[in-house]
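Single-structure report; data block below.
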Amino acid sequence: MKSRKKLTTASGKPYVENENSQSVGPRGPLLLQDFILHEKMAHFNRERLPERVVHAKGSGAFGTFTVTHDITKYTKAKIFSELGKETKVFVRFSTVGGEKGSADTERDPRGFAIKFYTEDGNWDLVGNNTPVFFVKDPKKFGDFIHTQKRDPHTNLKSPTMMWDFWSLNPESLHQVLILMSDRGTPYGYRHMHGFGSHAYSMINEANERFYVKFHFITAQGIKNFSNEQAAQMKAHDMDFAQRDLFDNIEGGNFPTWNLKIQIMTESEADSGDYYFNPFDVTKVWPHADFPLVDVGVLELNQNPLNYFQDVEQAAFAPAHIVDGIGYSPDKMLQGRLLSYPDAQRYRLGVNYEQIPVNRCPFAVNNYQRDGQMRLDGNGGQNPNYFPNSFDEIEIDPSYKEPPLPINSHFADWYDRNCEGENDHFSQAGKLFEIMTLEERQNTIHNIVDSMSGIHGPQQEEIIRRQLFLWYRVNPRLGTEIAKGLGVAFEDLPV
């Protein structure tokens, strides 16, 4: 027979009345002294964390990453130190623009965030199911996200806002084309790839730096909904992706992804000879120039016991790297290094990294103290300043990164789309060319369906501006979209 547990307050005090509030007589007013009532209501009022501004609707699971190929010539990161090495991970998938109660089959990019619990600290690889992004400078990020959320006037999602922004920012074309293909409505989370998207660094034992892009290739195969199937599933089950992931893991059908990397030498990146900026997140590195290198296998094999504890409180930031992994001059990555930890401090508090799902399972030694929800003893009697004569914390110079070369002596506000940085059409055009006939037809259908929602006094201007961009990506693409929107062919730009 199981032992019974006493009902207690959060501080451990056993109490009896959990259903009736203390009152003056059976029909009189309630008493202020009934602190059980206050504790229950106060906790209830605070059960919902501030919703993530983006990636609010999410699913997650624990698993393992196993090294299958030797890449130690590129990195000294301990996670990759030997074949067969396993590292525990937590992965969170998400939609980007919808609220927490929205459908997870909406047309939207999907977040693909991985936390590796390594002996050198937690490494967060925070990416999407697309290898590129909509904008290349972080100053545009907030404006872009506003167009994906709700119109401040109507409080409704607005195709007009979206296409107005995209038509004024040609750099978004590559990502928009992916979004408007059937990859914008993946069949749950198991059947999509994941990408770090940005260029990062790898540093080896010789202190040599390589630039790297991370690709997690689904072993389940790519599978997508059509536009109409996604809408039907939204009406049938708003939590399809959550249910699909949970049920498969619960049933022992563990999803896996194969990690592959692309490598670019420091000299290749810094020479300026490559035909586009390798740190532009709106571009992919062609596989013909930088082939995929096998690394390991990611497997998800354990559902969280409590969704709120692990999935809702999970906090990721690309600033969290480990020895042997570094950053790059990618402008969007640089912006995320600041904004992601700041967003987590706002949402979860300054000590968010002490929450179990975010906590490094190995040693953490620093001089951070106090703040809300301090969970780790707050450093005890140890000093809260450095340097000091009392503790045994020391700096290990072997963890120092090699200097990052700077190729300019001037600080200024540079146009990210100046001459030489303004080819927004070639890669999007190549993507359209390699699509199958069915993929092209579906993509055109999805674009027409979305652009048909553009309304208001600037409707014609926005539509024609975006058609001009589609036409430059591929004349056939622009022509077919124009036909679908009822725009006369002779009125198209040439």
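The values are calculated or read from the model by the stated rules, or taken from the named source; none is laboratory data. Given the structure is predicted, the values throughout are model-derived calculations rather than measurements. For neighbour counting, all protein chains shown are included, and Cβ atoms are generated from backbone atoms with ideal geometry for every residue, glycine included. What goes into the accessible areas is simple: the full protein's heavy atoms, side chains included, and nothing from ligands, DNA or RNA. Shrake-Rupley method; radii C 1.70, N 1.55, O 1.52, S 1.80 Å.
Brief remarks on what is shown
- Test: residue in segment 426-440 that is farther than 18 Å from Lys136 by Cα and of a type in the set (Ser, Thr, Tyr): yes
- Pairs where the first residue, in segment 292-317, is aliphatic (A, V, I, L, M) and the second is assigned to a loop (DSSP other than H, G, I, E, B) and open to solvent by 50 Å² or more (accessible area, probe 1.4 Å), C-beta under 9 Å, 6+ apart: Val293/His69; Val295/Thr68; Val295/His69; Val297/Thr68; Val297/Ala219; Leu300/Phe254
- Within segment 327-343, the set of residues being open to solvent by 20 Å² or more (accessible area, probe 1.4 Å) and not small (Gly, Ala, Ser) comprises Tyr327, Pro329, Lys331, Gln334, Arg336, Leu337, Leu338, Tyr340, Asp342.
- In segment 17-46, the residues that are open to solvent by less than 100 Å² (accessible area, probe 1.4 Å) form Cβ pairs under 7 Å with partners that are assigned to a helix (DSSP H, G or I), at six or more places apart or across chains, as follows: Ser21/Leu37.
- Residues in segment 88-101 that are touching a strand residue (DSSP E or B) at 6+ places or on another chain (Cβ under 7 Å) and not in a strand (DSSP E or B): Val96 only.
- Unmet requirement for Asn388, which otherwise passes all of (1) surrounded by fewer than 10 Cβ atoms within 10 Å (Cβ to Cβ); (2) among the polar types (S, T, N, Q); (3) more than 34 Å from the chain's Cα centre (by Cα): (1)
- Contact annotation: residue pairs with Cβ atoms under 9 Å, 6 or more positions apart or on different chains, pairing a residue in segment 440-464 that is under 12 Å from Gly486 (Cβ atoms) with a partner that is surrounded by 13 or more Cβ atoms within 10 Å (Cβ to Cβ) and among the basic types (Lys, Arg), are Val448/Lys483.
- Selected residue (criterion: most open to solvent (accessible area, probe 1.4 Å)) from residues of segment 104-163 that are of a type in the set (Ser, Thr, Tyr) and assigned to a helix (DSSP H, G or I): Thr160
- Residue in segment 469-482 that is at pLDDT 95 or above, under 14 Å from Phe165 (Cα atoms) and assigned to a helix (DSSP H, G or I) present: yes
- Scan segment 391-413 for residues that are surrounded by 10 or more Cβ atoms within 10 Å (Cβ to Cβ) and not hydrophobic (A, V, I, L, M, F, W, C) and the total you get is 6.
- Selected residue (criterion: nearest to Phe240 (Cα to Cα)) from residues of segment 8-64 that are among the aromatic types (Phe, Trp, Tyr) and outside any loop (DSSP other than H, G, I, E, B): Phe62
- Segment 84-103, residues that are within 30 Å of Ser158 (Cβ to Cβ), surrounded by fewer than 23 Cβ atoms within 10 Å (Cβ to Cβ) and not aliphatic (A, V, I, L, M): Gly97, Gly98, Glu99, Lys100, Gly101, Ser102
- The set of residues from segment 164-186 being assigned to a loop (DSSP other than H, G, I, E, B) and either more than 18 Å from Met435 (Cβ to Cβ) or among the hydrophobic types (A, V, I, L, M, F, W, C) (or both) comprises just one member, Asn169.
- Counting only helices (runs of 4 or more DSSP H) wholly contained in segment 220-319, the ones carrying 2 or more residues that are open to solvent by 20 Å² or more (accessible area, probe 1.4 Å) and more than 26 Å from Val176 (Cα to Cα) occupy 240-250, 266-270.
- Matching residues, segment 172-186, being open to solvent by less than 10 Å² (accessible area, probe 1.4 Å) and hydrophobic (A, V, I, L, M, F, W, C): Leu173, Val176, Leu177, Met180
- Criterion (crowded, with 17+ Cβ neighbours inside 10 Å, among the basic types (Lys, Arg) and either closer than 30 Å to Ser226 by Cα or out of contact with any helix residue (DSSP H, G or I) (no Cβ under 8 Å at 6 or more places or on another chain) (or both)) met by exactly one of Arg465, Arg416: Arg465
- Residue check, Gly453 at pLDDT 95 or above and part of a loop (DSSP other than H, G, I, E, B): yes
- The one condition in (1) surrounded by fewer than 17 Cβ atoms within 10 Å (Cβ to Cβ); (2) among the charged types (D, E, K, R); (3) over 30 Å from Ile263 (Cα atoms); (4) modelled with pLDDT of 75 or more that Lys57 fails to fulfil: (1)
- Exactly one residue out of Glu439, Glu480 is farther than 18 Å from Glu171 by Cβ and either crowded, with 17+ Cβ neighbours inside 10 Å or touching a strand residue (DSSP E or B) at 6+ places or on another chain (Cβ under 8 Å) (or both), and it is Glu480.
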